[in-house]
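Right, one structure below, let's go through it.
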Amino acid sequence: MSNDFLDKKIDGEIDETKQFDLNDFQKEIEMEEFTQALDQAVVEKEISDENDTEDTKLRYEEKLNDIENKEAKEKELALSREIRRRYLHEKQVEEDLAEKPYHRYPNYFYAGFWLRFFAYLVDLIVVGSIGRIIVDPIFSAFQIEKSTVPYSPYALAHLAVFLLYFVLMTKLSNGQTIGKMIFGLRVVCFREENLSLGTVIVREGFGRYLIQVWFFMYALYLILFFNERKQQAADLFCDTSVVTENLVKASQVTIVN
């Protein structure tokens, strides 16, 4: 081969080698820049995550504080309401005790509907018997018509016997009629130690008159199912009720002992 050919070939290989080296060097530089950029991105991400974590932690703590403050306020408000409720209840009890100081018993001391109903049936039998013994002979002696029409003399006479029986018996026996005696019941007043004549007249006179004149008024007795002291309409008006006497006596013996 000629020297010119060899020289050209050598120069070409050198140029190719240089070109190859430059390409590798360029790739290495690009790879190094990419690596640095990636590392920088990772570092920035970590810093961002740390900031986000701090912000999240602060927000969580603020929310937790808000919840705790809210719960504390709710507890304080509930406590205030409970204190107010107890105060009003105690005040109501004191006022009720001052207004009604007598015959305050547990709820089960007060007689229910059926005991009072059967006692009333006995009283009706007694009143009917008294009416036939007193009223009927008088009307027969004077030959007065025995009409059962409302407000007739005969009907009014029996009504008078009916009312006088309940008024006099309740007043003279301090709260009992024959029917109540049999079933161990007694009328008591929360404002009076012993029944006054005025209380008896209102409860036994006016109250029973309404029931006798207007039969539907018997429904007012059903009110006693819905109050603690078993009071019917007349009882509520007079502050009275009917107690089971044996329980009252038993409680008094226990207190004395």
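A few points about this structure:
- When the stretch 84-161 is reduced to its Cα atoms, the Kirkwood hydrodynamic radius in Å: 16.9 Å
- Kirkwood hydrodynamic radius (C-alpha pairs) into Stokes-Einstein, the stretch 99-257, 4 °C and 1.567 mPa s, D in µm²/s: 78 µm²/s
- Note on the stretch 150-257: with neighbouring protein chains present and a 1.4 Å probe, carbon and sulfur make up 71 percent of its accessible heavy-atom surface.
- Backbone amide hydrogens, once placed in the peptide plane, bring Leu185 within less than 5 Å of Glu245, excluding anything fewer than 5 places away on its chain.
- Put simply, when 72-82, 195-205, 150-160 are sorted by average Cβ atoms within 10 angstrom per residue, most first, you get 195-205, 150-160, 72-82.
- Treating r as the C-beta distance of Ile83 and Met181 and R0 as 45 Å, the FRET efficiency rounds to 0.40.
The values are calculated or read from the model by the stated rules, or taken from the named source; none is laboratory data. Computed from a prediction, not measured in an experiment: that's the story for all the values here. Virtual Cβ from ideal backbone geometry, glycine too; neighbours counted across all protein chains shown. Ligands, DNA and RNA are excluded from the accessible area calculation, which covers all protein heavy atoms including side chains. Shrake-Rupley method; radii C 1.70, N 1.55, O 1.52, S 1.80 Å.
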